[in-house]
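Okay, structure first, notes after.
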Amino acid sequence: MRAAEIIEAIHKKAKGLGNIAIMEVCGTHTNELHRHAIPQALPDNIRLVSGPGCPVCVTAQSDIHAALSIAGMKDTVLCCYGDMLRVPCGDTSLLGMKSDGADVRSVVSALEALEIARENPLKQVVFFAVGFETTTPHTAVLIEDAARENVGNLSVLCSHKTMPAAVTALLSGKSGIDALMCPGHVACITGRKGFDFVPEKLKIPAAIAGFEACDMLFALLKICDMLEKSQLECFNAYTRAVSENGNDPALRLTYKIFEESECEWRGLGRITESGLVIRDEYSFFDARRRFEIPDFTEKNARMCICSKILRGEALPSDCPSFASVCTPETPLGACMVSSEGSCAAYYKYER
Amino acid sequence: MQEKITLAHGSGGELYREMVNEVFLPAYSNEILCELGDSAVCTAGERIAFTTDGFVVNPIFFPGGDIGRLCVCGTVNDLAVSGAVPQYLSVSMIIEAGFETEKLRCICKSIADTASEAGVRIVTGDTKVVEGNKADGIYITTSGVGVFTADRKPLGQKVVQGDVIICSAPVASHGVAVTVARSGMDFSPVPCSDVKPLSGVVDALLSSGAEVHAMRDPTRGGVAATLCEWARDGVDITVDLKNVPVEASVSEICAVLGLDPLQLANEGVLLASVAKKDCAKALEALRNYQYSTSAAVIAEVESGNSEVWGITDIGTKRRILMPRGEVLPRIC
């Protein structure tokens, strides 16, 4: 089906639906939905709401504080994905520490950290690992390889999270969200059935979506269809990439290295079994156990409403700081820092 | 000559002369330069265009080009889009001690080849050598003079309501090529920079007789930055995003890395604002020239509030803003 036909079909279906809110929980979806200006193409009674889908945005201040503490230690190299560099914490950021002389490097793949560790045998190399099911297997490979090769100067500051626990915590009870558009990338790893918990536990329909305009529109159409028929299902609208059972080797490796644990999310607080920690067998590679990281207390509250935005309770434009004091150059909160963040997407496309 | 450049090569003494005689003169040779006076003495018309540009690209050699080709094209293209015919260039280098002489020869050959392709002469230059690790290998500054020949007038550089915006070649190739080369990521095919002189493209367009109101080469900030600057004159520019030429491989890499092709640097693209009535004439002339075979109309200029809009592939409309504050590698 072509985009115009899908849009027309959505308009037809939506007529009988009343006001509905559909949440997406993937930063790439947030960005692509707005890059294609899809909300404009939808009928007025369908509202799209961005949930906690950007790994940078949901990383807790205490984790960023830990990364900054490690980056400030002598003879240490801190590696992380590029977007983490600019997240403010206290009066600095990893980028700020880098310009003050700390050895902070941005990498595009976790395995680069292993190379850096080999090249700098006299330094401690720490990989600040963030992200969901999609990036976790890369960190697992990094730790497995480092263990196999007995690399003594590499460790991982693990801040990995799992999507299902957070979505459950967020959408349990009265949330005002009528359906979920599930992240195609995460589903490549977990499989379609990894999102069966949405209809089963949360009692709302779900569709797994890809990232082209037509992929997202098709998923929205299937959601309208399910809502119309009161069907509770998780529909796979991205079959060219997502299988029923997912990527079994990646999942097995992930749980060989990590185990589930309580975890703190920015804006959502602590959620049971929503994070991954390094298992005892691999504790040698756990930066939290290798280094003494000072305690963290957040000093002054920020003048932005990140937590409400991450919960889908407010739009970026509802925030008094949005686009005035909080801009991509001078972000107050993480939602504006990452290009995948909802505030950054709204700033770029919806003003 | 020694295999590596040393601080002594920058001292103005015997080694400096040897470098000039063995590396620069054979590469750039022309009668004005060979006078070796403190200034080049040249002939130019009554009105000239004059510009300068510094080049600190990393890596120095990248797929599709190198700092030598880039430093000629950057200045030649700035002259060409002003409506002038590029004529003379200066080349000033800051080289790090320890830089390989062979690499310097390659860069000079690239400068010479590109200058000859663009029809300009290197008439003067300067070279300084600094201590190791002070200049990322080599920095180059070029300045250039272009003349307004009898058939050329300086352009007003003001887009007019009712114009169409023509884009001469696929966009984003340089930005993607350099970003990928720097990151060490493996993509197949390897994306190549579009770095090329635009003097011929401008010639083709102006000789067509089309009424051209403004021309720019959208380097840093990409097509988005140029359109936003043009719109500041109080017009709206609406881009039909599906008509913007982007090579398929470049577009895929942009999708993977989350980059917007409209915001990435070009080094061989001409954007021209042309009166709508002359659109067909202009397109035909451009498509018949080797460096602009895929020229296309990408946008229209209307009265408005200085805003740039994009029509997406699904028919919705979104704002296109001046690119800002991105953490991107140095690319020119």
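None of the figures in this text is laboratory data; all of them are computed from the coordinates on show. Since the model is a prediction, treat every value here as computed from it, not as a measurement. So basically every Cβ, Gly included, is an ideal-geometry build from the backbone, and we count neighbours across all protein chains shown.
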Where Lys and Arg each count +1 and Asp and Glu each count -1, what net charge lies around B:Thr316 among other residues with Cβ under 13 Å from its Cβ?
+1
Convex hull around the C-alpha positions of chain A: the volume in Å³ per residue is 132 Å³
Rel. contact order, % - alpha carbon contacts under 8 angstrom, at least six apart, the stretch B:280-329
18 percent
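Which whole number gives the average count of other chain Cβ atoms within 10 Å of the Cβ atoms across peptide B:310-322?
Shielding by partners across B:310-322 averages 6.
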Treating cross-link reach as a plain straight distance, find the aspartates and glutamates whose alpha-carbon is under 15 Å from the alpha-carbon of A:Lys193, omitting any fewer than eight places away in the same chain.
A:Glu133, A:Glu233, A:Glu244, A:Asp248
A correct Karplus calculation of ³J(HN,Hα) over the stretch B:176-181, with 6.51 cos²θ - 1.76 cosθ + 1.60, θ = phi - 60°, whole Hz and x for Gly and Pro, returns 5, 4, 6, 4, 5, 4
Considering all projection directions equally, how large on average is the shadow of the alpha-carbon convex hull of the stretch A:1-68, in square nanometres?
5.9 nm²
For the stretch B:163-319, the convex hull over Cα atoms projects on average to an area in nm² of 9.0 nm²
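Assuming 0.890 mPa s and 25 °C, estimate D for the stretch A:160-265 with Stokes-Einstein, Rh taken as the Kirkwood radius over Cα pairs, in µm²/s.
171 µm²/s
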Provide the descending list of Cα extents for the stretch A:306-349 along its principal axes, expressed in whole angstroms.
25, 20, 18
Hey, can you grab everything whose amide H is under 5 Å from the amide H of A:Phe258? Only 5+ residues off in sequence or another chain; H modelled, so Pro and N-termini drop out.
A:Arg279
May I ask you to list the lysines whose Cα is less than 25 Å away from that of A:Lys98, ignoring any residue fewer than eight positions away on the same chain?
A:Lys74, A:Lys123, A:Lys299, B:Lys134
Just tell me how shielded B:252-259 is by partners: mean number of partner chain Cβ atoms within 10 Å of each residue's Cβ, no decimals.
2
What is the diffusion coefficient of the protein assembly as shown in µm²/s, taking the Kirkwood radius over Cα pairs and the Stokes-Einstein relation at 4 °C with a viscosity of 1.567 mPa s?
47 µm²/s
Range of Cα positions in the stretch B:41-98 per principal axis (Å), largest first:
43, 25, 13
In terms of Cα to Cα distance under 28 Å, which lysines are near enough to B:Lys153, apart from those fewer than 8 places away along the same chain?
B:Lys196, B:Lys276, B:Lys277, B:Lys281
Please report, in Å, the Rg and the Dmax of the stretch A:85-187, where both are computed over Cα atoms only.
17.5, 54
Just for chain B, what percent of DSSP beta bridges are antiparallel, to the closest 5?
75 percent
Can you give the Kirkwood hydrodynamic radius of the stretch B:7-147 from its Cα pairs, in Å with one decimal?
15.3 Å
When N counts the residues of the stretch A:194-313, how does its alpha-carbon radius of gyration compare numerically with 2.2 N^0.38 Å, as a ratio?
1.43
How much of the calculated P(r) for the stretch A:1-124 lies past 24 Å, in percent of all Cα pairs?
49 percent
Beta carbons within 10 angstrom, averaged per residue: use that to sort the peptides A:36-47, B:168-179, highest first.
B:168-179, A:36-47
Quote the convex hull volume per residue of the stretch B:229-304, based on C-alpha atoms, as a whole number of Å³.
112 Å³
Please figure out what share of the DSSP beta bridges in the stretch B:7-147 is antiparallel and state it in percent, rounded to the nearest 5.
70 percent
What is the antiparallel percent of DSSP beta bridges lying wholly in chain A, to the nearest 5?
25 percent
What does the average come to when, for each residue of peptide A:338-345, you count the partner chain Cβ atoms lying within 10 Å of its Cβ?
1
Using Stokes-Einstein with the Kirkwood hydrodynamic radius over Cα pairs, what translational diffusion coefficient do you get for chain B at 4 °C and a viscosity of 1.567 mPa s, in µm²/s rounded to a whole number?
62 µm²/s
